[in-house]
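Below you'll find the structure, written out as C-alpha cells, and then a few comments.
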Amino acid sequence: MQKQGFSRREFLSLAAATGGAALLAACQPVTQDTADGGMETAMEPVTVSVQSGWQTSGDGDIWTPCIELFDEKGTHISIEMIRLHVSPEDTMTAVAGGTAPDVYHRYIGGFAELMARGVMLPLDDLIANAPDFDPDIYLGSQWDNGKWDGVTYGIPALEGGSMPAICWHKHLIEEVGGDPEVGPRSWPEMLEWSRMLLQYDDDGNLTRAGFDPKDAYGFTVIAWPVVFDENYISEDKRTFTFDTEAWAEGLDIIAQFYTDPGIDKMLALRDQWGYWSGYPSSGFNNAKRAMVMDGNWLPGGLRSMVEVTGVELESIGYNFHPNLNEGNKAIDFGTGHTLFMPRSTQVAEDALTFMIHMTSVEVGLIEFEIRAAAMWSKPLLDAIDLSSVPGL
C-alpha cells in the first residue's frame, strides 16, 4: 500500500529543509517522452494490495492471469497479491492495527457487520465518477451482498449468479423409478427417493445416501431461504427471522434426511466421502450421494475432474430445487463474491481501477476458461456460449 500526497507535518519539514525547491519538484507531474518526441504526463507508481484466499494456487489460480492482464494495460498501478483467507475478525484486527490491504475479496456474505460498523469504505461517489464503468452490467440483486442501508461498499466480481439448483446422478434417480431428466419436484419426493437410495454394507455401515442437506451449497444458511420461500433476515439486515412456520417446517424436513439412516452413519459417510463438489473426493462426485444442492459452478467443477471421477457431464441432471411453496421455481441471484475496500486505504481511486478491471468481460472469460463459472454480467453472457458446458 503506497501513500499519496504529504501530511501537513511532512509538507512543512520538506519546505524548511530545502527552501521549498524539493517541495516544488515533488509537486510537479512526472513527464515522459512520447513516440512523436513530445511529452506526456505520467502518474506516479502506486501499489495496490489485494487479499484473497480463494482460487489462489495451482491450476485453479484465478488471480495470476487476471493480474497479468491488468499489467498489460500499462497503468501506473502494480498489484501486490496477499494469498490468505479473509475473515471479518482478521479484517477488523488488520484495519485497527494499520496493516489492512487496500482490497479485500470476500464470498458468501460475512461483511455485513463491517459495513455496519463503518470499517469498509463507501464506494458510491467513486463508482459514479469512474470512467468506463456501468453498474447496470449486473442485476440490482447482485449488488446486495455489498450494500448496507442503501450505501454501496462492495463490487460484485469473480463468481456469482443463479443458485441453488438441485443436481442428481441420472442413473441413480432412474434406479428408484424417478424421471432422470426431471429430477425431484417436491420435498416429499426428495425424502422418498433419498430413503430408497440408502445402501449399507454387511456391517450396517452407510455406503450411499440419497441427499445430505449440508453438502455443497447447503453448508450456508443463505442457501435455504430460496427453497423455504422465507428469508432468514429482515430486509434491513438487522433482525434474524428464523422464528417462522416456514423455517420450522423446513428444518424438520432437513432433520429427516439425517434421522432416517441415523446421524452417526451420515457423519461417518461424510468423513469418508467429503462435502463440497469442488473436490474429486466429494461424495456427490463419486455417486456416494445421489443428489446435491449446488450452484452454477458445479458443471465446470465436474468438467475439471472427469478424468479422476469418471463422471461425465451428460450423466448429471439439473433443475429448480424443490420448494416448500410447492411448484414455486426460485433461484437467488443476489449472493456471490464481492470486492471491498477498508476505510484505511490511501489509494482508493487506484484500488477501484483494479476492482473494475475484475468486473471486465476479459476477466470473466479467464475464469470461464478455468472454471466454467464467473460473476455473470450482461456483456459476459453475450460473449459466452453456455451450451459449451453441459448442464450450465
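Out of the range 180-245, which GluC sites (Glu not before Pro) are coil in DSSP terms and have no more than 15 other C-beta atoms within 10 Å?
On the way: sites: E181, E189, E192, E230, E235, E245; in loops: E181, E230, E235.
Passing both the DSSP loop test and the Cβ count: E181, E235.
Counting other Cβ atoms within 10 Å of each Cβ, which trypsin sites (Lys or Arg not before Pro) in the range 205-307 have at most 13 and sit in a DSSP loop?
Working: sites: R208, K214, K237, R238, K265, R270, K288, R289, R303; in loops: K214, K237, R238, K288.
Those that pass, being in a loop and sparsely packed, are R238.
Which net charge results when you count Lys and Arg as +1 and Asp and Glu as -1 among the other residues whose beta-carbon is under 13 Å from that of I82?
On the way: positive: R83; negative: E80, D90, D102.
Summing Lys/Arg as +1 and Asp/Glu as -1 gives -2.
Taking the 0 to 90 degree range and rounding to the nearest ten, how far is the long axis of helix 348-357 tilted relative to the main principal axis of the chain, both from C-alpha atoms?
Compared with the principal axis, the helix lies near 40 degrees.
Based only on Cα atoms, what mean projected area does the convex hull of the chain have, in nm²?
Values: hull surface 95.8 nm².
In nm², the orientation-averaged hull projection of the chain is 23.9.
Under a Cβ-only charge scheme (Lys and Arg +1, Asp and Glu -1), can you give me the dipole magnitude of the chain about the Cα centre, in debye to the nearest 20? Working shown, then result.
Numbers: 24 positive and 58 negative charges, 191 e Å.
Its charge dipole is roughly 920 debye.
Looking only at the chain, where both bridge partners belong to it, what percent of the DSSP beta bridges are antiparallel (to the nearest 5)?
Working: 28 of 39 bridges.
Beta bridges within the chain, antiparallel portion: roughly 70 percent.
What is the gain in length, in nm to one decimal, between D264 and E80 on full extension, counting 0.36 nm per residue of separation less the C-alpha to C-alpha distance?
Numbers: separation 184, 0.36 × 184 = 66.24 nm, distance 4.56 nm.
In short, 61.7 nm is gained.
Long-range amide H contacts for S277: which residues qualify at under 5 Å (H placed 1.01 Å from N, peptide plane, sequence gap of 5 or more or a different chain)?
Those lying under 5 Å, H to H, from S277 are A216.
May I ask for the distance between the Cα centers of the range 313-392 and the range 120-164, given as a whole number of Å?
Each part's Cα centre sits 13 Å from the other's.
Figure the gain on full extension for K73 and T93 (residue separation times 0.36 nm, minus the Cα-Cα span) and round it to one decimal in nm. If you can, show how the numbers build up before the last one.
Working: separation 20, 0.36 × 20 = 7.20 nm, distance 3.39 nm.
Answer, rounded to one decimal: 3.8 nm.
Just add up the charged neighbours of G278: K/R +1, D/E -1, any other residue whose Cβ is under 13 Å from the Cβ of G278. The partial results should precede the final answer.
Details: positive: R303, R371; negative: D59, E159, D215, D294.
Local net charge: -2.
Between I127 and S388, what is the FRET efficiency for a Förster distance of 51 Å, r being their Cβ-Cβ separation, to the nearest 0.05? Don't skip to the answer; put the middle values down first.
Numbers: r = 32 Å, r/R0 = 0.63.
Approximately 0.95, to the nearest 0.05.
Only helical DSSP H runs with n ≥ 4 go in: add -39500 (n - 2.57) per run for the chain, normalise by residue count and round the 222 nm mean residue ellipticity to 500 deg cm²/dmol. Show your work: numbers first, answer last.
On the way: 15 runs with 134 residues, N = 392.
One gets -9500 deg cm²/dmol as the mean residue ellipticity at 222 nm.
Could you sort 53-62, 275-284 so that the peptide with the highest average Cβ count within 10 Å comes first and the rest follow in order?
Peptide ranking by packing, descending: 275-284, 53-62.
In the range 306-377, what trypsin sites (Lys or Arg not before Pro) fall in a loop by DSSP, with at most 11 other Cβ atoms inside 10 Å? The partial results should precede the final answer.
Numbers: sites: K329, R343, R371; in loops: K329, R343.
Answer by residue number: K329.
Can you give me the long-range amide H partners of K147? Hydrogens built in the peptide plane at 1.01 Å from N, cutoff under 5 Å, separation of 5 or more residues or another chain.
Under 5 Å from the amide H of K147 lie the amide H atoms of Y153, each far enough along the sequence or on another chain.
Coordinate-derived values only; no laboratory data. Nothing here was measured: the structure is a model prediction, and the numbers come from that model. Glycine gets a Cβ as well: all are built from the backbone with ideal geometry, and neighbour counts include every protein chain shown.
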